[in-house]
Amino acid sequence: PTANGCPPDVEELGRSTWTFLHSLTAAYPTQASTEQQTEMRSFLKLFSRLYPCWVCADDFRTWMAEPSGRNEPRLASRADFGTWMCEAHNEVNRKLGKKEFDCRFWEERWRTGWKDGRCD
Ligand code: FAD
């Protein structure tokens with residue numbers, strides 16, 4: 001990890017950004033209005049162009065735009081969006097040879113805390 005007070009490297013930037021992105025899904029409405037979905041779709045599109053690790057951004061954008069449409073953001077509800085973000089993160093995990101996360105637990109990790117009370 002980067003020492004305190006130094007500019008972030010790709011890993012530190014990534015950890016902070018995933019915290020932000022998963023927190024965004026945790027705060028998303030249980031059922032989103034059309035406007036809320038449109039706003040989030042715009043955000044993700046811009047994010048995928050502006051994220052300041054260019055190879056990361058390029059790959060993320062390519063993954064989202066996969067021609068079958070299966071990786072398009074799913075924004076109807078918090079459950080959909082949270083699971084989609086978890087899948088996006090797993091795609092990067094696979095690319096980097098990291099362990100995949102079991103997406104059934106995304107909400108315990110990022111919203112409610114673990115049922116065993118370890119976050120209390
Ligand atoms: P991170 O992957 O940062 O994860 C942080 C925490 O999130 C984990 O400790 C775990 O508790 C939790 N978590 C892990 N997986 C999931 C999941 N699927 N769903 C929910 N929670 C999860 N780095 C590169 O070197 N090359 C790249 O191309 C690249 N692309 C990136 C694209 C994006 C959009 C982002 C945000 C980051 C990218 N990164 C990339 C950074 C990389 O993903 C990691 O953030 C970095 O390597 C640090 O990894 P880490 O092991 O600390 O955990």
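Restricting R15, R109 to residues that are in a helix (DSSP H, G or I), within 9 Å of the ligand (Cβ to nearest atom), touching a His at 6+ places or on another chain (Cβ under 8 Å) and of a type in the set (D, E, K, R) narrows the list to R109. Of all residues in segment 11-63, those satisfying the criterion of being polar (S, T, N, Q) and under 13 Å from the mean Cα position of the chain (by Cα) are S16, T17, T19, S23, T25, S48.
In the set S23, S68, which member is more than 8 Å from the ligand (Cβ to nearest atom), assigned to a helix (DSSP H, G or I) and surrounded by fewer than 16 Cβ atoms within 10 Å (Cβ to Cβ)? Answer to the check: S23. The set of residues in segment 79-95 being of a type in the set (K, R) and either more than 7 Å from the ligand (Cβ to nearest atom) or crowded, with 17+ Cβ neighbours inside 10 Å (or both) consists of R94 alone. Count, please, the residues in segment 73-100 that happen to be over 19 Å from C56 (Cα atoms) and touching a residue at least 12 places away in the same chain (Cβ under 8 Å). Result for segment 73-100: 8. Listed by first and then second residue, the pairs linking a residue in segment 104-118 that is exposed (fewer than 11 other Cβ atoms within 10 Å of the Cβ) to a residue that is part of a helix (DSSP H, G or I), with Cβ atoms under 7 Å apart and 6 or more places separating them unless they lie on different chains, are K115/E108.
Any read-out appearing in this document is the output of simple, stated calculations on the displayed coordinates, not a laboratory observation. These figures come from a predicted structure and were not determined experimentally. For neighbour counting, all protein chains shown are included, and Cβ atoms are generated from backbone atoms with ideal geometry for every residue, glycine included.
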